[in-house]
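To start, the structure itself, in structure tokens.
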Amino acid sequence: MAEFTMELNDDQKQVRDWIHGFAADVMRPAAAEWDEREETPWPVIQEAAKVGIYSLDFYAQQFFDPTGLGIPMAMEELFWGDAGIALSIVGTGLAAIGVVANGTEEQIGTWIPQMYGTPDDVKVAAFCSSEPDAGSDVGAMRTRAVYDQATDEWVLNGTKTWATNGGIANVHIVVAVVDPELGTKGHASFIVPPNTPGLSQGQKFKKHGIRASHTAEVVLEDCRIPGSCLLGGKEKLDERLARAHERARAGGGERVKNAAMATFEASRPAVGAMAVGTARAAYEVALDYAKTRTQFGRPIIDNQGVAFQLADMRTSIDAARLLVWRASWMAVAGKPFTSAEGSMSKLFASEVSKKVTAQAVQILGGNGFTREYPVERMHRDSAIYTIFEGTSEIQRLVIARTISGMPIR
């Protein structure tokens, strides 16, 4: 088990500085353009692939960092660069986590490389869980997967929404209902291979923030996939469903996490790190501005009203980072989230990001309200952190249930 430390080692610092350089030199100069275009920044993703940031090896190295700090460190630096472009670079990771969390070794080795492609031919992947009537309420999911024993195929029907890279992905990971009687325990995850008939892109969303990241509906109409594309395999699924039915007949028992929740639980501290990166970026812009902007013959940071805001901003950012690091270390050390520490880190960091970016706009005044300064974009981008991968309200519900042991609704 890795010893907990609040200081990065020399190797981690070198990686951090490398990512920071890419964020500063490649991402930031392109941020405003791709935000306005509201398109996937393929040239930037390709540059990330060429230097090794957009690759399976890079994320594997960070994921298996024995301290647990590799992923949050990388997320913070990338999202410090620009949230929309960063999400285009890391969005594939959620689908990859879905495969790692639920798949077999063969599935991991076969499909994750296809999610990234090569530096000369980059690909992306999509994780498809939410539906028009099933966002926070995963129990309302309607997308069905029915097994055709005669052909050893699964047939998928339904509509997914809010899917990052949905429709443009090379590989889609789709969560679907296989046993409606079991509610959320009757869900499973499936790999939809490239160019599978029956999968199409629905509505592409025009968003308030993270506009360089592609978000769309994914429509599944009699979409047939090989039996081998069930993550974890059918034998494992049948065993899990049988246990769930047995517990249901016995009147309850151990709670079973569904496929989507397993993915989100593993990724929440990483989302917290994304929020920290955006907050830190806005804070740094505001600090520099306050030190150089003069009013009434002196820099505005000489006023307590501004200086105290910056002090609170920095304090809250550091507190958020520490919560993220704690949860990330606990995960890699195998320590259970007995107080929902993963949800705590995501909740606090996302709320901090919204508040800090709003304060940055206020400190810049009229300039902060224009697109000539990046804090306007950062403030729009930060709104997503309290919404995706579990809203702040859902995080509070998870935390409250965990610390109380009660079925709070």
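Of all residues in region 1-14, exactly one satisfies the criterion of being in a helix (DSSP H, G or I) and in contact with a helix residue (DSSP H, G or I) (Cβ under 7 Å, 6 or more places away or on another chain), namely Q12. Scanning region 94-137 for residues that are open to solvent by 20 Å² or more (accessible area, probe 1.4 Å), of a type outside the set (S, T, Y) and in a helix (DSSP H, G or I) gives L94, I97, V100, A101, N102, E105, E106, I108, G109, W111, P113, Q114. Scanning region 1-44 for residues that are among the hydrophobic types (A, V, I, L, M, F, W, C), at pLDDT 95 or above and open to solvent by less than 80 Å² (accessible area, probe 1.4 Å) turns up V15, I19, F22, A23, A24, V26, M27, A30, A31, A32, W34, V44. Taking into account only those residues within region 45-71 that are more than 18 Å from G98 (Cβ to Cβ), outside any loop (DSSP other than H, G, I, E, B) and modelled with pLDDT under 95, which is least open to solvent (accessible area, probe 1.4 Å)? So the residue we want is F58. When we screen A358, A286, A270 for residues that are touching a Pro at 6+ places or on another chain (Cβ under 9 Å), in a helix (DSSP H, G or I) and of a type in the set (A, V, I, L, M, F, W, C), the only hit is A270. Every test in (1) of a type in the set (D, E, K, R); (2) touching a residue at least 60 places away in the same chain (Cβ under 8 Å); (3) assigned to a loop (DSSP other than H, G, I, E, B) is passed by R142 save one, and that test is (2). Residues that are within 14 Å of H379 (Cα to Cα), touching a Lys or Arg at 6+ places or on another chain (Cβ under 9 Å) and open to solvent by 20 Å² or more (accessible area, probe 1.4 Å) within region 316-367 comprise G365, N367, listed in sequence order. What do you reckon, is G166 outside any helix (DSSP H, G or I) and closer than 28 Å to L241 by Cα? For G166, the condition - outside any helix (DSSP H, G or I) and closer than 28 Å to L241 by Cα - is not met. Restricting attention to region 138-159, the residues being of a type in the set (A, V, I, L, M, F, W, C), over 24 Å from L397 (Cα atoms) and open to solvent by less than 40 Å² (accessible area, probe 1.4 Å) number 4.
Among the residues of region 179-186, is any in contact (Cβ under 8 Å) with a residue 24 or more places away in the chain, assigned to a strand (DSSP E or B) and not charged (D, E, K, R)? Scanning region 179-186, I find no residue that is in contact (Cβ under 8 Å) with a residue 24 or more places away in the chain, assigned to a strand (DSSP E or B) and not charged (D, E, K, R), so the answer is no. Filtered by the rule that a residue be touching a helix residue (DSSP H, G or I) at 6+ places or on another chain (Cβ under 8 Å), open to solvent by less than 30 Å² (accessible area, probe 1.4 Å) and part of a helix (DSSP H, G or I), region 378-397 gives M378, D381, S382, A383, Y385, T386, S392, Q395. Please verify whether A86 is in a helix (DSSP H, G or I), under 18 Å from the mean Cα position of the chain (by Cα), free of Cβ contacts under 8 Å to residues at least 12 places away in the same chain and within 30 Å of H20 (Cβ to Cβ), treating the condition exactly as stated. Against the criterion (in a helix (DSSP H, G or I), under 18 Å from the mean Cα position of the chain (by Cα), free of Cβ contacts under 8 Å to residues at least 12 places away in the same chain and within 30 Å of H20 (Cβ to Cβ)), A86 does not qualify. Screening region 160-191 for residues that are open to solvent by 50 Å² or more (accessible area, probe 1.4 Å) and either among the acidic types (D, E) or on the phi < 0 side of the Ramachandran plot (or both) and picking the one that is nearest to the chain's Cα centre (by Cα) gives I168.
The values are calculated or read from the model by the stated rules, or taken from the named source; none is laboratory data. The structure displayed is predicted, hence computed values, not measured ones. Glycine also receives a Cβ, built like all others from the backbone with ideal geometry; neighbour counts cover every protein chain displayed. SASA here: full protein model, heavy atoms, side chains in, ligands and nucleic acids out. Shrake-Rupley method; radii C 1.70, N 1.55, O 1.52, S 1.80 Å.
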